[in-house]
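Student: The following block contains the structure, expressed as structure tokens.
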Amino acid sequence: MSCIDKLKAIFDSRYETKKNADGVLIKVFKDFSDEIALTLRLDELNLKSKESVGQGGRALVPIVRIFSESIAPNAKSGLYVTYLFSADGKSTYLTLNQGTTDTDELSRKKLKETIQNTIRTDYFDKTTKTESGKIEYNESAIFSKKYEADNLPKEEIFVQDLKEMVLIYQIFIFKDEFKKSPFKSDFEHRFVKSLIAKSFVILAGNSGTGKTKTSLDFAKWLGLIIDNTKNYLLVPVGADWTDNTNILGFYNPVLKQYEPTQVLKFILAANKNSQTPFFLIFDEMNLSHVERYFSDFLSAMESGEEIILYKRIDKEESEIPEKLTIPNNLFVVGTVNIDETTYMFSPKVLDRANVIEFIPNQEDVLSLIEKDNVKSEIVLAPKGTAQAFFELVKGVRNRKNLNEKIDSKKAKEILTKVYEILKNTDFEFAFRTAKEIRLYLNAAFEIDDNFNLEHVIDEQVLQKILPKIHGNRKEIKKVLEDLNKICDEEGLTKSKTKILKMLEKLDSVQYASFM
């Protein structure tokens, strides 16, 4: 049966006339709660559902609650998604609500305003008035949608509404936990926003600046172990990597079996656990030519097409499939050291990633002369944070337009200026870059407490536009100078700092590049 069928059973039970929470009443509410858990696969999201119809006497407002145990262990406090059933038995409200017993009115009002001002609400109302219900439920409700017993929607609409509300809930869960996390620096925040927007991120900088540690720490913070497999894998790239066998393995014709790598096994584990984020970290990614060992992998990530691994002979059995799909819950991070032993990235690679240059703070570096300030072991985020992160990722990437609260006219105006400078050069950007900038803007809107359009565009010029610019004085000097003028006009301070460094390098050695 469907969720709507179970909901109809509640209304058909005429629960408004029942004086006691008898077996029939408990059963119809529990059936509805269980159907929700099954339909949304709440166990995979680390969420639970629970009905509450009263102890002995029927509750004035029966509820079915969807919640994370880490932030709302009971209905008295915390934030959760809930169906509030009106006392007259004629309607129910899907709401994002707060516990009213263990929290004061001022705190509930503040949280309500914060969430309403920062999370988009395409589907829901900001006011709730449950007929004959508890006034506290109405005042503490953040978003809501009403369903009338005699005019219930189709199953797909009902389920979509619930998924949208759960997504808002999970965005809150991740944002709330991320604020409490040890990831405070500008680099770390840009790293997380980049992961949300696109599953491939390049961290560049000199050796020892914390690129690999940041990648590992974020994965560890999410802290999942699935079937004895950690949710992260660190792979040192070798200078002798000339094809993809070091990543995907190869078919052994002598033994008539496929020889998998740890990377391939890790990707298969990610495919098997599709609601869990997995982090594949390539350390010193440019120690070999990236295009030689990573090209088909990168194309498969982009297109969703399968990679053919081998062809089975005589229907032999194997745990390794003939074709491999790169799942969307696989996040690939490449760390890049900038020195004479490494290779430059091609435009094909740079165009498909956000490139974040890690530059340590001078005071942090020199403070190590006096004492060791290494951070203590990462404290794991509460259960459900990893799934909440991935739900946020899917929500951002599935959105087809720029968030309506972002000034799209202003964003287009700034980027048009950049485009006009680059369009007659080898560094112009096209559809992919424009789309990924939109995704990054949406990701930043969800993550940044104080979203600033110019600041976020500044980050994208720095991470998506400048990394592809390289050449001699004649080729790029005017391009950089013109971009620098735009940075002055629009307040793009991060990009300006990088451009000035590139111009200084150009004057010094007649050649400059981002890395």
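The values are calculated or read from the model by the stated rules, or taken from the named source; none is laboratory data. Keep in mind that what you see is a predicted model, and the values were worked out from it rather than measured. Glycine gets a Cβ as well: all are built from the backbone with ideal geometry, and neighbour counts include every protein chain shown. Side chains included, ligands, DNA and RNA excluded: accessible areas come from the protein's heavy atoms. Shrake-Rupley method; radii C 1.70, N 1.55, O 1.52, S 1.80 Å.
Student: Within 22 Å of Leu233 (Cβ to Cβ), in contact with a helix residue (DSSP H, G or I) (Cβ under 6 Å, 6 or more places away or on another chain), at pLDDT below 90 and of a type outside the set (D, E, K, R), is that true of Phe358?
Tutor: yes
Student: Is it fair to say Leu380 is in contact with a helix residue (DSSP H, G or I) (Cβ under 8 Å, 6 or more places away or on another chain), surrounded by 16 or more Cβ atoms within 10 Å (Cβ to Cβ) and either at pLDDT 90 or above or hydrophobic (A, V, I, L, M, F, W, C) (or both)?
Tutor: No, not satisfied.
Student: Also, quick follow-up: Can you tell me which residue in segment 350-377 is surrounded by the most Cβ atoms within 10 Å (Cβ to Cβ), limited to those that are of a type in the set (Asp, Glu) and part of a loop (DSSP other than H, G, I, E, B)?
Tutor: My answer is Asp351.
Student: Being polar (S, T, N, Q) and surrounded by 11 or more Cβ atoms within 10 Å (Cβ to Cβ) is the filter; apply it to segment 94-106 and report the residue that is farthest from Lys126 (Cα to Cα).
Tutor: Residue satisfying both the conditions and the ranking: Thr103.
Student: Mind telling me which of the residues Lys213, Lys198, Lys193 ends up being within 14 Å of the chain's Cα centre (by Cα), of a type in the set (D, E, K, R) and farther than 19 Å from Thr118 by Cα?
Tutor: Lys198
Student: I would also like to ask the following. State yes or no: is Lys230 out of contact with any Asp or Glu (no Cβ under 6 Å at 6 or more places or on another chain), open to solvent by 60 Å² or more (accessible area, probe 1.4 Å) and within 26 Å of Phe345 (Cα to Cα)?
Tutor: So Lys230 fails the test.
Student: For residues that are hydroxyl-bearing (Ser, Thr, Tyr) and in a loop (DSSP other than H, G, I, E, B), scanning just segment 271-300, find the one that is nearest to the chain's Cα centre (by Cα).
Tutor: Top of the filtered list is Thr276.
Student: Under 7 Å between Cβ atoms, at least 6 apart or on separate chains: pull out the pairs that start in segment 78-94 with a residue that is touching a residue at least 40 places away in the same chain (Cβ under 8 Å) and under 11 Å from Val166 (Cα atoms) and end on any residue that is open to solvent by 10 Å² or more (accessible area, probe 1.4 Å) and not aromatic (Phe, Trp, Tyr).
Tutor: Once the first residue is touching a residue at least 40 places away in the same chain (Cβ under 8 Å) and under 11 Å from Val166 (Cα atoms) and sits in segment 78-94, its partners that are open to solvent by 10 Å² or more (accessible area, probe 1.4 Å) and not aromatic (Phe, Trp, Tyr) give Tyr80/Arg65; Leu94/Lys145.
Student: Still on this structure, please answer the following. Of the residues Val263, Val254, which is open to solvent by 50 Å² or more (accessible area, probe 1.4 Å) and within 30 Å of Arg312 (Cα to Cα)?
Tutor: Sole residue among the options that is open to solvent by 50 Å² or more (accessible area, probe 1.4 Å) and within 30 Å of Arg312 (Cα to Cα): Val254.
Student: Hey, Ser513 hits all of (1) open to solvent by less than 10 Å² (accessible area, probe 1.4 Å); (2) touching a His at 6+ places or on another chain (Cβ under 6 Å) but one; which does it fall short on?
Tutor: (1)
For every residue, the table says whether it meets (1) in a loop (DSSP other than H, G, I, E, B); (2) open to solvent by less than 20 Å² (accessible area, probe 1.4 Å); (3) out of contact with any helix residue (DSSP H, G or I) (no Cβ under 8 Å at 6 or more places or on another chain); (4) farther than 21 Å from Phe358 by Cβ.
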| site | (1), (2), (3), (4) |
| --- | --- |
| Ala411 | no, yes, no, yes |
| Glu420 | no, no, yes, yes |
| Leu441 | no, yes, no, yes |
| Glu454 | no, no, no, yes |
| Gln460 | no, yes, no, no |
| Gln463 | no, yes, no, no |
| Leu466 | no, yes, no, no |
| Glu489 | no, no, no, yes |
| Ser495 | no, yes, no, no |
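Student: Of all residues being open to solvent by 80 Å² or more (accessible area, probe 1.4 Å) and touching a helix residue (DSSP H, G or I) at 6+ places or on another chain (Cβ under 8 Å) in segment 128-158, which is modelled with the highest pLDDT? Just the residue, please.
Tutor: Top of the filtered list is Lys154.
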